[in-house]
Amino acid sequence: MEKTLKRVEQEQPARLHVGHVMTSDSDPIQSDPIEIQKTSYTLIEVPKPQETKEQRLRQRSEMEGQPHPYAPRDLKLPGYVPNFLTQSTIVGVYLLTSVLVVSLIWILSGMSRKITKMNRLLMCWWAFTGLTHLILEGYFAFSPEFYKDKTAHYLAEVWKEYSKGDSRYAARDAATVTVEGLTAVLEGPASLLAVYAIASGKSYSYILQFAVCLGQLYGTAVYFLTAYLEGDHFATSPYHYYVYYIGANASWVVIPSLIAMRCWKKICSAVQVHGQKRTKTR
(Lines give C-alpha, C1' and ligand atoms only; values in the text may rest on other atoms or scores of the structure.)
Protein backbone atom coordinates (compact mmCIF):
# COMPACT_ATOMS: atom_id res chain seq x y z
CA MET A 1 0.00 0.00 0.00
CA GLU A 2 1.17 3.55 -0.75
CA LYS A 3 0.49 6.55 1.46
CA THR A 4 -0.27 10.01 0.09
CA LEU A 5 -1.58 13.37 1.29
CA LYS A 6 -5.07 14.32 0.23
CA ARG A 7 -6.37 17.82 0.57
CA VAL A 8 -9.69 18.03 2.37
CA GLU A 9 -11.58 21.33 2.52
CA GLN A 10 -14.07 21.85 5.28
CA GLU A 11 -17.54 22.75 4.17
CA GLN A 12 -18.07 25.50 6.81
CA PRO A 13 -15.50 28.32 7.05
CA ALA A 14 -14.21 29.31 10.47
CA ARG A 15 -15.02 32.81 11.83
CA LEU A 16 -12.37 34.96 13.53
CA HIS A 17 -13.43 37.96 15.64
CA VAL A 18 -10.71 40.61 15.85
CA GLY A 19 -12.39 42.69 18.63
CA HIS A 20 -12.83 46.47 18.99
CA VAL A 21 -10.66 49.06 17.33
CA MET A 22 -10.17 52.42 19.13
CA THR A 23 -10.09 55.69 17.15
CA SER A 24 -8.47 59.00 18.13
CA ASP A 25 -11.77 60.20 19.68
CA SER A 26 -11.81 57.13 21.86
CA ASP A 27 -14.96 55.92 20.15
CA PRO A 28 -14.89 52.22 19.82
CA ILE A 29 -15.64 50.85 16.40
CA GLN A 30 -17.14 47.44 16.22
CA SER A 31 -15.29 45.40 13.61
CA ASP A 32 -16.96 42.85 11.46
CA PRO A 33 -15.95 39.27 11.83
CA ILE A 34 -13.31 38.13 9.31
CA GLU A 35 -13.94 34.87 7.59
CA ILE A 36 -10.81 32.74 7.05
CA GLN A 37 -10.97 29.70 4.86
CA LYS A 38 -9.49 26.89 6.85
CA THR A 39 -7.80 23.98 5.06
CA SER A 40 -6.61 20.79 6.65
CA TYR A 41 -4.70 17.80 5.31
CA THR A 42 -5.45 14.19 6.10
CA LEU A 43 -3.13 11.23 5.50
CA ILE A 44 -5.02 8.52 3.66
CA GLU A 45 -3.91 5.23 2.10
CA VAL A 46 -4.20 4.62 -1.65
CA PRO A 47 -4.02 0.95 -2.70
CA LYS A 48 -1.17 0.09 -5.11
CA PRO A 49 -2.28 -1.59 -8.36
CA GLN A 50 -1.64 -5.31 -8.08
CA GLU A 51 0.54 -7.01 -10.72
CA THR A 52 -1.07 -9.88 -12.52
CA LYS A 53 0.56 -13.29 -12.62
CA GLU A 54 1.20 -12.85 -16.32
CA GLN A 55 3.07 -9.59 -15.74
CA ARG A 56 5.21 -11.14 -13.04
CA LEU A 57 6.07 -14.09 -15.26
CA ARG A 58 6.93 -11.78 -18.15
CA GLN A 59 9.26 -9.72 -15.96
CA ARG A 60 10.92 -12.81 -14.58
CA SER A 61 11.27 -14.24 -18.08
CA GLU A 62 12.96 -11.08 -19.30
CA MET A 63 15.39 -11.09 -16.39
CA GLU A 64 16.24 -14.78 -16.17
CA GLY A 65 15.22 -16.14 -19.58
CA GLN A 66 12.85 -19.02 -20.16
CA PRO A 67 13.63 -22.48 -18.79
CA HIS A 68 16.09 -24.26 -21.08
CA PRO A 69 16.00 -27.96 -22.05
CA TYR A 70 19.73 -28.58 -21.64
CA ALA A 71 21.74 -30.66 -19.19
CA PRO A 72 22.73 -30.14 -16.46
CA ARG A 73 19.51 -28.52 -15.32
CA ASP A 74 21.30 -25.98 -13.13
CA LEU A 75 23.10 -24.51 -16.16
CA LYS A 76 22.56 -20.74 -16.14
CA LEU A 77 21.52 -19.26 -19.49
CA PRO A 78 20.06 -15.80 -18.78
CA GLY A 79 17.90 -14.54 -21.61
CA TYR A 80 17.45 -17.97 -23.22
CA VAL A 81 14.90 -18.05 -26.07
CA PRO A 82 13.49 -21.45 -27.18
CA ASN A 83 13.68 -22.71 -30.76
CA PHE A 84 11.29 -21.22 -33.26
CA LEU A 85 11.89 -23.99 -35.82
CA THR A 86 11.08 -27.65 -35.26
CA GLN A 87 13.71 -30.35 -35.19
CA SER A 88 12.50 -31.80 -38.49
CA THR A 89 12.78 -28.39 -40.18
CA ILE A 90 16.30 -27.75 -38.87
CA VAL A 91 17.62 -31.20 -39.80
CA GLY A 92 15.73 -31.24 -43.09
CA VAL A 93 17.17 -27.93 -44.28
CA TYR A 94 20.69 -29.03 -43.34
CA LEU A 95 20.39 -32.37 -45.15
CA LEU A 96 18.82 -30.79 -48.23
CA THR A 97 21.53 -28.13 -48.44
CA SER A 98 24.25 -30.76 -48.02
CA VAL A 99 22.78 -32.92 -50.79
CA LEU A 100 22.62 -29.90 -53.11
CA VAL A 101 26.27 -29.03 -52.46
CA VAL A 102 27.47 -32.60 -52.97
CA SER A 103 25.34 -32.99 -56.11
CA LEU A 104 26.66 -29.76 -57.59
CA ILE A 105 30.30 -30.72 -57.01
CA TRP A 106 29.70 -34.20 -58.40
CA ILE A 107 28.14 -32.82 -61.57
CA LEU A 108 30.80 -30.16 -62.12
CA SER A 109 33.68 -32.55 -61.47
CA GLY A 110 32.18 -35.01 -63.95
CA MET A 111 32.71 -32.52 -66.76
CA SER A 112 36.43 -33.30 -66.68
CA ARG A 113 37.49 -36.74 -67.84
CA LYS A 114 40.82 -36.43 -66.07
CA ILE A 115 39.26 -36.58 -62.61
CA THR A 116 38.70 -40.11 -61.34
CA LYS A 117 35.57 -41.15 -59.47
CA MET A 118 37.55 -41.42 -56.24
CA ASN A 119 38.82 -37.88 -56.60
CA ARG A 120 35.30 -36.68 -57.41
CA LEU A 121 34.07 -38.24 -54.18
CA LEU A 122 36.91 -36.58 -52.30
CA MET A 123 36.02 -33.23 -53.83
CA CYS A 124 32.42 -33.67 -52.65
CA TRP A 125 33.59 -34.44 -49.12
CA TRP A 126 36.00 -31.52 -48.93
CA ALA A 127 33.39 -29.09 -50.26
CA PHE A 128 30.83 -30.33 -47.74
CA THR A 129 33.16 -30.29 -44.75
CA GLY A 130 34.75 -26.99 -45.75
CA LEU A 131 31.41 -25.16 -45.94
CA THR A 132 30.31 -26.79 -42.69
CA HIS A 133 33.44 -25.54 -40.93
CA LEU A 134 33.21 -22.04 -42.36
CA ILE A 135 29.48 -21.38 -42.06
CA LEU A 136 28.14 -23.48 -39.18
CA GLU A 137 31.16 -23.60 -36.91
CA GLY A 138 32.23 -20.10 -37.87
CA TYR A 139 28.86 -18.74 -36.79
CA PHE A 140 29.10 -20.54 -33.46
CA ALA A 141 32.63 -19.33 -32.77
CA PHE A 142 31.72 -15.69 -33.30
CA SER A 143 28.16 -15.67 -31.90
CA PRO A 144 28.52 -16.17 -28.14
CA GLU A 145 24.85 -15.43 -27.35
CA PHE A 146 23.13 -17.41 -30.07
CA TYR A 147 20.78 -18.92 -27.48
CA LYS A 148 19.23 -15.45 -26.98
CA ASP A 149 18.32 -15.06 -30.64
CA LYS A 150 14.71 -13.95 -31.19
CA THR A 151 14.78 -13.66 -34.98
CA ALA A 152 14.58 -17.40 -35.82
CA HIS A 153 17.97 -17.12 -37.55
CA TYR A 154 18.61 -20.56 -39.01
CA LEU A 155 22.22 -20.89 -37.79
CA ALA A 156 21.20 -19.90 -34.25
CA GLU A 157 18.40 -22.47 -34.43
CA VAL A 158 20.90 -25.15 -35.47
CA TRP A 159 23.09 -24.57 -32.42
CA LYS A 160 20.14 -24.31 -30.05
CA GLU A 161 19.04 -27.71 -31.28
CA TYR A 162 22.50 -29.28 -31.31
CA SER A 163 23.15 -28.07 -27.74
CA LYS A 164 20.58 -30.66 -26.64
CA GLY A 165 23.25 -33.22 -27.48
CA ASP A 166 26.10 -31.19 -26.02
CA SER A 167 25.23 -28.24 -23.79
CA ARG A 168 28.84 -27.05 -23.78
CA TYR A 169 27.99 -25.12 -26.91
CA ALA A 170 25.27 -23.10 -25.17
CA ALA A 171 27.48 -22.73 -22.08
CA ARG A 172 30.41 -21.46 -24.19
CA ASP A 173 32.84 -24.04 -22.85
CA ALA A 174 36.37 -22.72 -23.41
CA ALA A 175 37.77 -25.91 -24.96
CA THR A 176 34.80 -26.27 -27.30
CA VAL A 177 34.94 -22.66 -28.46
CA THR A 178 38.69 -22.95 -29.07
CA VAL A 179 38.42 -26.15 -31.11
CA GLU A 180 35.51 -24.87 -33.18
CA GLY A 181 37.14 -21.48 -33.73
CA LEU A 182 40.39 -22.98 -35.02
CA THR A 183 38.46 -25.44 -37.15
CA ALA A 184 36.44 -22.66 -38.78
CA VAL A 185 39.40 -20.35 -39.39
CA LEU A 186 42.02 -22.91 -40.48
CA GLU A 187 40.39 -26.13 -41.63
CA GLY A 188 37.46 -24.51 -43.42
CA PRO A 189 39.53 -22.62 -46.02
CA ALA A 190 42.03 -25.51 -46.23
CA SER A 191 39.23 -27.93 -47.09
CA LEU A 192 38.03 -25.73 -49.94
CA LEU A 193 41.61 -25.39 -51.12
CA ALA A 194 41.76 -29.20 -51.25
CA VAL A 195 38.83 -29.17 -53.70
CA TYR A 196 40.80 -26.89 -55.99
CA ALA A 197 44.01 -28.90 -55.54
CA ILE A 198 42.33 -32.17 -56.52
CA ALA A 199 40.54 -30.64 -59.51
CA SER A 200 43.75 -29.00 -60.75
CA GLY A 201 46.03 -31.97 -60.02
CA LYS A 202 48.33 -29.92 -57.79
CA SER A 203 51.42 -31.62 -56.39
CA TYR A 204 50.56 -30.57 -52.85
CA SER A 205 47.10 -32.17 -52.97
CA TYR A 206 47.93 -35.26 -50.87
CA ILE A 207 50.02 -33.36 -48.34
CA LEU A 208 47.24 -30.80 -47.90
CA GLN A 209 44.55 -33.44 -47.46
CA PHE A 210 46.72 -35.35 -45.00
CA ALA A 211 47.35 -32.23 -42.92
CA VAL A 212 43.67 -31.26 -42.81
CA CYS A 213 42.70 -34.81 -41.83
CA LEU A 214 45.17 -34.75 -38.95
CA GLY A 215 43.70 -31.43 -37.80
CA GLN A 216 40.17 -32.82 -37.92
CA LEU A 217 41.14 -35.97 -36.03
CA TYR A 218 43.00 -33.97 -33.41
CA GLY A 219 40.08 -31.58 -32.91
CA THR A 220 37.60 -34.44 -32.66
CA ALA A 221 39.81 -36.23 -30.13
CA VAL A 222 40.02 -33.10 -27.96
CA TYR A 223 36.26 -32.64 -28.29
CA PHE A 224 35.42 -36.14 -27.06
CA LEU A 225 38.16 -36.45 -24.45
CA THR A 226 37.36 -33.17 -22.71
CA ALA A 227 33.72 -34.19 -22.45
CA TYR A 228 34.73 -37.55 -20.99
CA LEU A 229 37.07 -35.98 -18.43
CA GLU A 230 34.34 -33.56 -17.34
CA GLY A 231 31.82 -36.33 -16.71
CA ASP A 232 30.16 -36.62 -20.12
CA HIS A 233 26.81 -35.39 -18.80
CA PHE A 234 25.96 -32.74 -21.35
CA ALA A 235 23.20 -34.45 -23.34
CA THR A 236 19.50 -33.87 -22.67
CA SER A 237 18.55 -37.50 -23.37
CA PRO A 238 20.09 -40.73 -24.70
CA TYR A 239 18.50 -39.95 -28.06
CA HIS A 240 20.29 -36.62 -28.36
CA TYR A 241 23.49 -38.17 -27.03
CA TYR A 242 23.73 -40.89 -29.68
CA VAL A 243 22.17 -39.02 -32.61
CA TYR A 244 23.75 -35.58 -32.14
CA TYR A 245 26.84 -36.05 -30.03
CA ILE A 246 27.98 -39.42 -31.40
CA GLY A 247 26.29 -39.76 -34.79
CA ALA A 248 26.81 -36.24 -36.10
CA ASN A 249 30.51 -36.31 -35.23
CA ALA A 250 31.27 -39.87 -36.35
CA SER A 251 31.82 -38.73 -39.94
CA TRP A 252 34.76 -36.57 -38.82
CA VAL A 253 36.40 -39.65 -37.30
CA VAL A 254 35.82 -42.29 -39.96
CA ILE A 255 36.22 -40.33 -43.20
CA PRO A 256 39.34 -38.32 -42.23
CA SER A 257 40.95 -41.54 -41.00
CA LEU A 258 40.36 -43.25 -44.36
CA ILE A 259 41.56 -40.23 -46.35
CA ALA A 260 44.64 -39.85 -44.15
CA MET A 261 45.61 -43.49 -44.70
CA ARG A 262 45.13 -43.13 -48.47
CA CYS A 263 47.20 -39.94 -48.58
CA TRP A 264 49.92 -41.55 -46.47
CA LYS A 265 50.21 -44.42 -48.94
CA LYS A 266 50.27 -42.04 -51.91
CA ILE A 267 52.97 -39.89 -50.31
CA CYS A 268 55.09 -42.90 -49.36
CA SER A 269 54.73 -44.35 -52.85
CA ALA A 270 55.75 -41.06 -54.46
CA VAL A 271 58.78 -40.74 -52.20
CA GLN A 272 59.77 -44.34 -52.96
CA VAL A 273 59.49 -43.80 -56.72
CA HIS A 274 61.48 -40.60 -56.46
CA GLY A 275 64.16 -42.44 -54.49
CA GLN A 276 64.38 -45.19 -57.10
CA LYS A 277 64.77 -42.62 -59.89
CA ARG A 278 67.60 -40.95 -58.06
CA THR A 279 69.31 -44.31 -57.56
CA LYS A 280 69.10 -45.12 -61.28
CA THR A 281 70.53 -41.79 -62.29
CA ARG A 282 73.68 -42.26 -60.25
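The values are calculated or read from the model by the stated rules, or taken from the named source; none is laboratory data. On a predicted model such as this, the values are computed, not experimentally measured, just so you know. Ideal geometry is used to build each Cβ from the backbone, glycine not excepted, and the neighbour counts take in all protein chains shown.
Key figures
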{"read-out": "Complete set of residues in segment 159-201 that are of a type in the set (Ser, Thr, Tyr) and assigned to a helix (DSSP H, G or I)", "value": "TYR162, THR176, THR178, THR183, SER191, TYR196, SER200"}
{"read-out": "Residue ranges of helices (runs of 4 or more DSSP H) in segment 50-156 with at least 3 members acidic (Asp, Glu) and at pLDDT below 95", "value": "53-64"}
{"read-out": "Residue in segment 205-212 that is more than 21 Å from VAL93 (Cα to Cα), of a type outside the set (Asp, Glu) and touching an Asp or Glu at 6+ places or on another chain (Cβ under 6 Å) present", "value": "yes"}
{"read-out": "Tally of residues being exposed (fewer than 11 other Cβ atoms within 10 Å of the Cβ) and farther than 14 Å from VAL158 by Cβ across segment 73-88", "value": "3"}
{"read-out": "Tally, over segment 78-129, of residues that are under 27 Å from LYS202 (Cα atoms) and of a type in the set (Gly, Ala, Ser)", "value": "6"}
{"read-out": "Sole residue being modelled with pLDDT of 95 or more, touching a Lys or Arg at 6+ places or on another chain (Cβ under 6 Å) and closer than 22 Å to MET123 by Cβ, chosen from TYR206, TYR196", "value": "TYR206"}
{"read-out": "Condition check for TYR162: touching a residue at least 60 places away in the same chain (Cβ under 8 Å), closer than 20 Å to SER98 by Cβ and among the hydroxyl-bearing types (Ser, Thr, Tyr)", "value": "yes"}
{"read-out": "Residue within segment 263-282 that is on the phi > 0 side of the Ramachandran plot, charged (D, E, K, R) and in a loop (DSSP other than H, G, I, E, B) present", "value": "no"}
{"read-out": "Any hit, segment 245-262, residues being assigned by TED's automatic domain parsing to the domain that holds TYR80, among the basic types (Lys, Arg) and either surrounded by 15 or more Cβ atoms within 10 Å (Cβ to Cβ) or assigned to a helix (DSSP H, G or I) (or both)", "value": "yes"}
{"read-out": "So VAL158, is it surrounded by 19 or more Cβ atoms within 10 Å (Cβ to Cβ), assigned by TED's automatic domain parsing to the domain that holds LEU134 and either in contact with a strand residue (DSSP E or B) (Cβ under 9 Å, 6 or more places away or on another chain) or closer than 23 Å to CYS268 by Cβ (or both)", "value": "no"}
{"read-out": "The listed residue being surrounded by fewer than 21 Cβ atoms within 10 Å (Cβ to Cβ), in contact (Cβ under 8 Å) with a residue 40 or more places away in the chain and in contact with a helix residue (DSSP H, G or I) (Cβ under 8 Å, 6 or more places away or on another chain), out of LEU182, LEU208, LEU186, LEU192", "value": "LEU192"}
{"read-out": "Residues of segment 213-244 that turn out to be out of contact with any Asp or Glu (no Cβ under 7 Å at 6 or more places or on another chain) and assigned to a loop (DSSP other than H, G, I, E, B), as a count", "value": "6"}
